[in-house]
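Right, one structure below, let's go through it.
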Amino acid sequence: MKELYREIYKKIKEFDKIVIARHIGADPDALGSTLGLKEIILNTFPNKKVSCIGVYSSVFKYMGKMDKLNEDEIKDSLLIVCDTPNVIRIDGIDDPRKFKYVIKIDHHPEVDHFEDLKWVDVKSSSVCQMLIELTNETRLKMSKIAAEKLYMGLVSDTNRFLYEYTTPKTFELVAGLVRENKLDIVSLYNNLYQRPLIDIRFQGYVAQNLKVSESGFAYIFIDDKTIEKFGGDTGLSGNVIGSFNNINEILVWVIFTEDKKQGLIKVNARSRGPVINTILENYGGGGHAMASGARLTKKEDVDKLIEDFDKLCKEYK
């Protein structure tokens with residue numbers, strides 16, 4: 001592993017221009033890892049040009065702003081892709097091979113091989129955890145701003161250390177991060193868990209209208225009019241999907257959200273047993289075994305997915 005850390009550090013040191021990307025529909029781990037890595041690189045090499053790209057997320061605005069990609073600089077730049085296993089889900093980049101060199105840092109099961117150098121650790125709780133480790137093992141220099149972003153991404157991806165990928169190593173790395181950077185974790189939790197009233201009301205609507213099959217599969221389709229009714233945007237579904245974790249009768253739950261502007265149906269899926277990412281990979285999506293997503297362009301795929309998940313739950317039982 002130490003050789004791999006050195007290789008990643010060497011490439012970061014080598015390039016004057018670095019672009020950092022993550023997956024579409026970014027969550028705190030994707031944002032925390034990319035924006036945190038940017039801060040770490042600039043804290044170590046102040047004269048480098050480092051850009052974080054992807055669609056800005058108003059839901060996670062406390063994480064920071066995105067940069068614009070300068071197309072003229074692509075051929076001379078290092079691209080680092082975080083938290084993304086497949087090319088189709090890289091936000092803002094259609095072909096990573098346009099860059100001079102590509103590094104992938106990820107904790108999802110591998111799907112596409114688009115990189116020159118990779119560090120994939122499916123046993124890691126998050127990419128944020130991996131970057132804490134990388135910084136500790138190289139000459140990269142952590143900053144308090146970077147530490148805050150990495151902490152929030154790690155806490156979010158472990159659901160406050162509840163998920164199975166939380167290990168003694170996770171706690172050891174977090175303890176060092178908090179201690180050495182004097183993090184005020186209470187204020188960071190306020191960013192992560194303070195929620196607007198609209199989220200709570202929408203969560204109640206979803207709970208009241210979930211369809212639950214005998215197999216333990218639950219789902220709801222949220223159309224454009226419902227989103228308008230609650231005065232939110234399509235990101236609402238992602239805000240509440242994690243609220244249905246501990247329901248006896250439910251094994252897998254999915255929120256389908258219509259996005260008319262983009263001509264898409266967004267899929268947020270979670271599980272507490274059956275492996276769901278392999279099913280969503282058949283629909284151009286993917287993610288973790290128990291937390292995945294996709295973007296559908298055909299309405300009929302919704303019905304197909306419902307059938308696939310219901311069958312999966314039956315087989316699991």
Go through (1) touching a Pro at 6+ places or on another chain (Cβ under 7 Å); (2) closer than 24 Å to Leu162 by Cα; (3) not β-branched (Val, Ile, Thr) one by one and return the number of the condition Leu79 breaks. (2)
Would you be able to tell me the number of residues in region 276-317 that are within 15 Å of Pro109 (Cα to Cα) and either outside the structural domain of Glu214 (by TED's automatic domain parsing) or polar (S, T, N, Q) (or both)? 4
So how many residues does region 39-89 have that are in contact (Cβ under 8 Å) with a residue 60 or more places away in the chain, in a helix (DSSP H, G or I) and under 22 Å from Ile132 (Cβ atoms)? 7
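If you scan region 242-293, which residues turn out to be among the aromatic types (Phe, Trp, Tyr) and farther than 19 Å from Asp199 by Cα?
Step one: of region 242-293, the residues among the aromatic types (Phe, Trp, Tyr) are 244, 253, 256, 283.
The answer is Tyr283, and nothing else.
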Residues in region 157-195 that are aliphatic (A, V, I, L, M) and touching a Phe, Trp or Tyr at 6+ places or on another chain (Cβ under 8 Å): how many? 6
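Determine whether Gly231 is out of contact with any Pro (no Cβ under 9 Å at 6 or more places or on another chain), in a loop (DSSP other than H, G, I, E, B), among the small types (Gly, Ala, Ser) and at pLDDT below 95. Lay out the reasoning, then the answer.
On the way: out of contact with any Pro (no Cβ under 9 Å at 6 or more places or on another chain): yes; in a loop (DSSP other than H, G, I, E, B): yes; among the small types (Gly, Ala, Ser): yes; at pLDDT below 95: yes.
The answer is yes for Gly231.
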Looking for something surrounded by fewer than 19 Cβ atoms within 10 Å (Cβ to Cβ) and in contact with a Leu (Cβ under 8 Å, 6 or more places away or on another chain) - is there at least one such residue anywhere in region 150-168? no
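Take the residues in region 118-173 that are hydrophobic (A, V, I, L, M, F, W, C) and in a strand (DSSP E or B), then tell me which one is farthest from the chain's Cα centre (by Cα).
Going residue by residue through region 118-173, those that are hydrophobic (A, V, I, L, M, F, W, C) are 119-120, 122, 127-128, 130-132, 134, 140, 142, 145-147, 150, 152, 154-155, 161-162, 171, 173.
Among the residues that remain, those that are also in a strand (DSSP E or B) are: 119-120.
Working: Trp119: 16, Val120: 15 Å.
The selected residue is Trp119.
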Residue ID - farthest from the chain's Cα centre (by Cα), chosen from residues in region 237-256 that are closer than 12 Å to Gly273 by Cα and either among the hydrophobic types (A, V, I, L, M, F, W, C) or not assigned by TED's automatic domain parsing to the domain that holds Leu296 (or both): Ile250
Pairing a residue in region 174-190 that is assigned by TED's automatic domain parsing to the domain that holds Glu148 with any residue that is part of a helix (DSSP H, G or I) and basic (Lys, Arg), where Cβ atoms lie under 6 Å and the two sit 6 or more apart in sequence or on different chains, gives Asn181/Lys144
Selected residue (only one of Ile40, Ile74 is in contact with a Ser or Thr (Cβ under 7 Å, 6 or more places away or on another chain), surrounded by 16 or more Cβ atoms within 10 Å (Cβ to Cβ) and either over 30 Å from Ile198 (Cα atoms) or modelled with pLDDT under 95 (or both)): Ile40
In region 276-307, which residues are within 18 Å of Leu251 (Cβ to Cβ), modelled with pLDDT of 95 or more and surrounded by fewer than 17 Cβ atoms within 10 Å (Cβ to Cβ)? Glu307
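Mind checking which residues of region 200-220 are more than 15 Å from Asn245 (Cα to Cα) and touching a strand residue (DSSP E or B) at 6+ places or on another chain (Cβ under 7 Å)?
If we filter region 200-220 for residues that are more than 15 Å from Asn245 (Cα to Cα), which is where we start, we get 200-202, 205, 208-209, 211, 213-215, 220.
The answer is Asn209, Lys211, Ile220.
The values are calculated or read from the model by the stated rules, or taken from the named source; none is laboratory data. Predicted, not measured: the structure shown is a model, and the values here were computed from it. Counting neighbours? That spans all protein chains shown, and the Cβs are built from the backbone with ideal geometry, glycine included.
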